[in-house]
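One structure below.
The values are calculated or read from the model by the stated rules, or taken from the named source; none is laboratory data. This structure is a prediction, so every number in the text was calculated from the model and none was measured. All Cβ positions, glycine included, derive from the backbone under ideal geometry; neighbour counts span all protein chains shown.
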Amino acid sequence: MAVCELLVCATPDYLTRRGRPRSWADLSEHDCLGFSFSGIAKPGEWLYGRSRYRRVSVRGPMCASNGDALVACVSAGLGIIYEPDFIVADAVRGGQLDVLTLDAPPAELGDIHLLYAPDRTPPAKVRVMIDFLVRAFDGTAPWTMKPV
């Protein structure tokens, strides 16, 4: 199991041009890039608050069904994204994206689990992968990012 957080991110250049949102309500005045297959950050409305109990209307120039494509677009300065930390971690660490701290926490995404059928012994190659992932994560996901 690994913990996965949602982060709101934009490039430093975008934030210089358009201003840094301080609240979720501020996002309605920005270009927000939507993820088309998400129940949390769907185009037109983002849910926030740990229990996903708050909503903010957003708009933007595009939406996509691929997180990496959205990171490429936001890295080009096209707007703001609301994506899992494992998708944006490299761009944040590399300084291409800033993590925005708003007036309420993002929605709780939940944990990532490794699942396999309990009634079967996994093939050796699957068992090796499971053992590797358990050792690699050791309770902490390598992409873990905390907003600054």
- Query: Of the conditions (1) more than 11 Å from the chain's Cα centre (by Cα); (2) farther than 30 Å from I130 by Cβ, F37 fails just one. Which one is it?
  - Reply: (2)
- Query: Which of the residues belonging to region 1-50 are buried (at least 17 other Cβ atoms within 10 Å of the Cβ) and among the small types (G, A, S)?
  - Reply: A2, A10, G34, S38, A41
- What is the one condition in (1) modelled with pLDDT of 90 or more; (2) surrounded by fewer than 18 Cβ atoms within 10 Å (Cβ to Cβ); (3) assigned to a strand (DSSP E or B) that E83 does not satisfy? (2)
- Message: One residue is enough: does region 27-38 have a residue meeting the conditions in contact (Cβ under 8 Å) with a residue 60 or more places away in the chain, touching a helix residue (DSSP H, G or I) at 6+ places or on another chain (Cβ under 9 Å) and part of a helix (DSSP H, G or I)?
- Response: no
- Item | Options D111, D90, D68; residue that is under 30 Å from M129 (Cα atoms) and in a strand (DSSP E or B) | D111
- Task: Can you work out which of the residues in region 124-148 that are surrounded by 10 or more Cβ atoms within 10 Å (Cβ to Cβ) and more than 18 Å from D85 (Cβ to Cβ) is modelled with the lowest pLDDT?
- Result: V134
- Query: All but one of (1) within 16 Å of the chain's Cα centre (by Cα); (2) in contact (Cβ under 8 Å) with a residue 12 or more places away in the chain hold for A72; which doesn't?
  - Reply: (2)
